[in-house]
């Protein structure tokens, strides 16, 4: 089963959530991705970047909107359809969408 999970992680370039009793119980992710997420945490940074003092509202709005667009593009690239047809059918492994509401 571990090899199947590793194959899924390689194909999705992301994270695998392991569910027990219908609830998310564990998260398996690539070590490099985990390390990057730790490096991006605010408490790991010496000083948070500041806006220039004379930024006006339209500039700030434009900057925020651009960051949102960039984030959406990045999310769309990461969520490309993955073909899992070469992974063996197994009673131990079940892939399903989880409602995250």
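Since every read-out is calculated from the coordinates, none of them should be taken as a lab result. Not measured: the values here are computed from a predicted model. In this analysis, Cβ positions are derived from the backbone assuming ideal geometry, glycine residues included, and neighbour counts consider all displayed protein chains.
Going highest first, how would you order 26-34, 2-10, 64-72 by mean Cβ packing within 10 Å?
2-10, 26-34, 64-72
Can you tell me the FRET efficiency between residue 29 and residue 3 if r is taken as the Cβ-Cβ distance and R0 is 22 Å, rounded to the nearest 0.05?
About 0.85, to the nearest 0.05.
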